[in-house]
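The values are calculated or read from the model by the stated rules, or taken from the named source; none is laboratory data. Please read all numbers here as calculations on a predicted model, not as lab measurements. In this analysis, Cβ positions are derived from the backbone assuming ideal geometry, glycine residues included, and neighbour counts consider all displayed protein chains.
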Amino acid sequence: MKKRMSVRARTEAIWGLAFIAPTIIGLLILNYYPIFETVWQSLCKTGDFGIGNTFIGLENFRTLFHDKEVFRTLFNSFRYAVLSLPLTVAISLVLAVLLNRKMKMRGVYRTIFFLPMVCAPAAVAMVWKWMFNQDYGLLNHMLGRKVNWVTDPAIAMIAIVIVGVWSSIGNNMILLIGGLQDIPKDYYEAASVDGSTGVHSFFHITIPLLSPMLFFIIQTGIMGALQLFDLPFMIMDQSSRAWPSVKTITYLFYEYAFEKSNRGYGAAIIMFLIAIISLLTFLLQKSEKKWVHYD
Amino acid sequence: MKKRILAGVMAAVMVATMVACGSSGGGSAESAGGGNDGSGGKTITVAIWDPNQLEGLQKIADEWGAANGCTVEFTVPGWDGYWTMLEAGVSGGEMPDVFWMHSNNAAKYMGSGVLLNMDSYIEKDETIDLNNYFEGITELYTYDGAHYAIPKDHDTIAVIYNKAIFDKYGVEHPTADWTWEKFAEIAQQISDKGAADGVYGTYCNTGSNQDTWYNIIYSYGGEVISEDKKASGYDNPATIEAMKFVAEKILPACPSPDSMASTGGDTMFLSGLVGMICQGSWTVNNFYTADNASDFEWVMMPYADVNGNGQADADERCSIYNGLGWSIYSQTEHPDEAWSLVSYLSSKESQIKQSELGVTMAGYIGCSEPFAKAFGDMDVSAFVDIEEQGRLVFRPYSKSTSIWEDDASQALVPVWSNPSLMEETLKEIAAQMNKTLAEE
């Protein structure tokens, strides 16, 4: 049954809208307008400065599906996701459990692990680039051997994964600690009465009850990993022979849209990536019922 | 990712707007000062990307401002920020009145009507005769027969070496009378003797085109692009010979490709790990201000004795040159004043002054002599002398330079690790480049 709004409710609604207007306007201008613009551009042969775009239908996508570079860079993005995500989740989960106990200097440790989140990604990348330097870098100096961290095609991706994992465990750890603190202690007590030990409880109580948080971390993690751009861009030099093995699809987009001034094709590449991420998200949402427990 | 770029663009728009607001405000405040030719009190905004040049240019521009009762305001957003600012400025309509143009982007800006067609102004103005400027630069800023920028400067290449390293290993200092063979030989000597200390003779990466291997190609009589800009020169036999020389003689004297991909050439040179490198005149200040600047010495580019007569003929000693241009926004509110400023900056007197102040060498032919002495104890005459004693070749370009130049650097990466691939790779580069050129 629909009721007419009272004067008071209407005033409230108007004020409510007024207060969120800055955000709405920001979203419209900064997010939604560009999304539609990108869709449109992906169907165009774009002119300089957005002048003189000509509609060419699906031509950009036809080129895209025959472009080996697209699939190679997409493969690199996936490789990064597959290598970094399990590590990130596993390490932050272990850290979260360890730092959720009563222990000395707990705050200090939590801060240390969270600190990378506070640093600007570009600054983080610059410092790691210096540490990875094969001739004068801190890492090789400490190891006493010469590892070509960012120039050996077999190792470069691992170097990028190390930095990626290092900089994201802090945030995930804090989220998981939050999740852990929501689990009532009684469950563990009841289980221990029935003879469950620490490890057994971890897999049968902690993991299932933490699954909503894990699901959230995995989902945002996949999206973030597939959109990786800044780390390889900042850490690697393009004259490195390892560059083709870490060049990601978002970098390919950047190359076409901004360096080669081919916005149309760049837009098509990014639409393709959006489609893939949407599909993955859809599949994840479907799988949610199978393993995520909300109570 | 997209959001971040967008934020960057928005920030640039905001900066551009603020600059524009600031300038109109400044204009009204200055109007009390009055002018003597009716244009008084206006503020002309100028955008450049190189902070090293700001001081000298501001000085010259202020002279013009004082004579014409105008204020000149410079914005210096740095190379990347510069192009983002202009890009956003074109769409948003907020542009500086006068700004630099560069060979990478000139075709795009000239073809979109962003730049003021200067033909009618050039005709009326007695200070400007385009024959006085370097031909390659004038040509670069010509589109469909119309001129869109006046040459501001030109830059050349020279070799800088570290005397301390040469003396330590007992290698004789280079003199202007040297061939590329000699260059490679000296470099190899340093690499051999310095192996234990991790010191190398020279540095040449896949991206060191303008400062190193383009010069070698042209000295050997090769070319990167044909004169009519329709065909690649990478499959030219002389080009192949020159690049094979790079692969077989220069690269062995360089740090390993992996090291070069990790540490830049200037950094290694400044840290005393490399004996000599080829560098452009736009970088002089970098070396001039270094702690051990007194160890550094500039020497003219080597020549390639192609005809084997044992001496340097002008054709055999090449330096790539490039030059910026002063251009004006086509929709500017003050086209006459903007032109007057550009004309003043491009006049013979200002061009000489620009050299004297050590800003850059001149775009006006024969005005660069003072640049040689602009850096105190550091003699940079090697950049100026090659104008007389060698051949200046304009940096190879076409409408799609950014595409084929990048493709070539990328394709050369495997060759740097395996020099025997040079010839076949060059042929592949040529084929790819011809395809790009055909699509222009």
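Tabulated results
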read-out: Given (1) hydrophobic (A, V, I, L, M, F, W, C); (2) closer than 23 Å to A:Trp166 by Cβ; (3) part of a helix (DSSP H, G or I), index of the condition A:Leu283 fails; value: (2)
read-out: Flag for B:Pro414 being over 18 Å from the mean Cα position of the chain (by Cα) and within 30 Å of B:Gly222 (Cβ to Cβ); value: yes
read-out: Which listed residue is buried (at least 18 other Cβ atoms within 10 Å of the Cβ) and more than 20 Å from A:Thr248 (Cβ to Cβ), from A:Ala125, A:Ala96, A:Ala159; value: A:Ala96
read-out: Given (1) more than 16 Å from B:Phe383 (Cα to Cα); (2) crowded, with 24+ Cβ neighbours inside 10 Å; (3) hydroxyl-bearing (Ser, Thr, Tyr), number of the condition B:Ser319 does not satisfy; value: (1)
read-out: Conditions (1) aliphatic (A, V, I, L, M); (2) at pLDDT below 80; (3) touching a helix residue (DSSP H, G or I) at 6+ places or on another chain (Cβ under 6 Å): number failed by B:Val72; value: (2)
read-out: Matching option when the condition is within 14 Å of chain B (Cβ to nearest Cβ) and not acidic (Asp, Glu), among A:Thr46, A:Thr54, A:Thr11; value: A:Thr46
read-out: A:Gly178 being crowded, with 16+ Cβ neighbours inside 10 Å, in a helix (DSSP H, G or I) and either among the charged types (D, E, K, R) or out of contact with any Phe, Trp or Tyr (no Cβ under 7 Å at 6 or more places or on another chain) (or both); value: no
read-out: Inter-residue pairs, beta-carbon under 7 Å, first within 22 Å of B:Leu86 (Cβ to Cβ) and aliphatic (A, V, I, L, M) and in segment A:44-60, second at pLDDT 85 or above and surrounded by 12 or more Cβ atoms within 10 Å (Cβ to Cβ), 6+ apart; value: A:Ile51/B:Ser112
read-out: Single match in B:Ser420, B:Ser409 (criterion: away from every other protein chain (no Cβ under 11 Å), within 19 Å of B:Phe245 (Cβ to Cβ) and over 17 Å from the mean Cα position of the chain (by Cα)); value: B:Ser420
read-out: Filtered residues of segment A:234-248 (kept if buried (at least 18 other Cβ atoms within 10 Å of the Cβ) and either closer than 19 Å to A:Ala125 by Cβ or away from chain B (no Cβ under 11 Å) (or both)); value: A:Ile235, A:Met236, A:Asp237, A:Gln238, A:Ser239, A:Ser240, A:Ala242, A:Trp243, A:Ser245, A:Val246, A:Lys247, A:Thr248
read-out: Filter pass, B:Phe383 being buried (at least 21 other Cβ atoms within 10 Å of the Cβ), assigned by TED's automatic domain parsing to the domain that holds B:Tyr161, under 18 Å from the mean Cα position of the chain (by Cα) and not polar (S, T, N, Q); value: yes
read-out: Hey, A:Ala190 away from chain B (no Cβ under 14 Å) and among the small types (Gly, Ala, Ser) or not; value: yes
read-out: Tally, over segment A:186-229, of residues that are in a helix (DSSP H, G or I), closer than 27 Å to A:Leu283 by Cβ and in contact (Cβ under 8 Å) with a residue 12 or more places away in the chain; value: 20
read-out: Subset tally (residues that are under 10 Å from A:Met173 (Cα atoms) and either in contact with a helix residue (DSSP H, G or I) (Cβ under 6 Å, 6 or more places away or on another chain) or in contact (Cβ under 8 Å) with a residue 60 or more places away in the chain (or both)) for segment A:83-99; value: 9
read-out: Selection count where residues are within 14 Å of chain A (Cβ to nearest Cβ) and crowded, with 23+ Cβ neighbours inside 10 Å, scope segment B:178-204; value: 3
read-out: Filter result for A:Gly224 (closer than 25 Å to A:Lys289 by Cα, within 12 Å of chain B (Cβ to nearest Cβ) and not aliphatic (A, V, I, L, M)); value: yes
read-out: Considering residues of segment A:187-214 that are among the β-branched types (Val, Ile, Thr) and exposed (fewer than 13 other Cβ atoms within 10 Å of the Cβ) only, the residue farthest from A:Leu85 (Cα to Cα); value: A:Val193
read-out: Number of the condition not met by B:Pro370 [criteria: (1) farther than 26 Å from B:Tyr143 by Cα; (2) touching a residue at least 60 places away in the same chain (Cβ under 8 Å); (3) touching an Asp or Glu at 6+ places or on another chain (Cβ under 6 Å)]; value: (2)
read-out: Sole exception among (1) away from chain B (no Cβ under 14 Å); (2) outside any helix (DSSP H, G or I); (3) crowded, with 18+ Cβ neighbours inside 10 Å for A:Ser261, by number; value: (1)
read-out: Residue among B:Val284, B:Val299 that alone is crowded, with 22+ Cβ neighbours inside 10 Å and of a type in the set (A, V, I, L, M, F, W, C); value: B:Val284
read-out: Given (1) modelled with pLDDT under 90; (2) surrounded by fewer than 20 Cβ atoms within 10 Å (Cβ to Cβ), index of the condition A:Gln134 fails; value: (2)
read-out: Hey, B:Glu139 out of contact with any Gly (no Cβ under 7 Å at 6 or more places or on another chain) and of a type in the set (Asp, Glu) or not; value: yes
read-out: Qualifying residue in segment B:130-149 (condition: in contact with an Asp or Glu (Cβ under 8 Å, 6 or more places away or on another chain) and either within 24 Å of B:Trp404 (Cα to Cα) or outside the structural domain of B:Leu341 (by TED's automatic domain parsing) (or both)); value: no
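The rows are residues; the columns are (1) under 29 Å from B:Tyr148 (Cα atoms); (2) more than 14 Å from chain A (Cβ to nearest Cβ); (3) within 22 Å of the chain's Cα centre (by Cα).
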{"residue": "B:Phe296", "(1), (2), (3)": "no, yes, yes"}
{"residue": "B:Ala312", "(1), (2), (3)": "no, yes, no"}
{"residue": "B:Gly363", "(1), (2), (3)": "yes, yes, yes"}
{"residue": "B:Gly366", "(1), (2), (3)": "yes, yes, yes"}
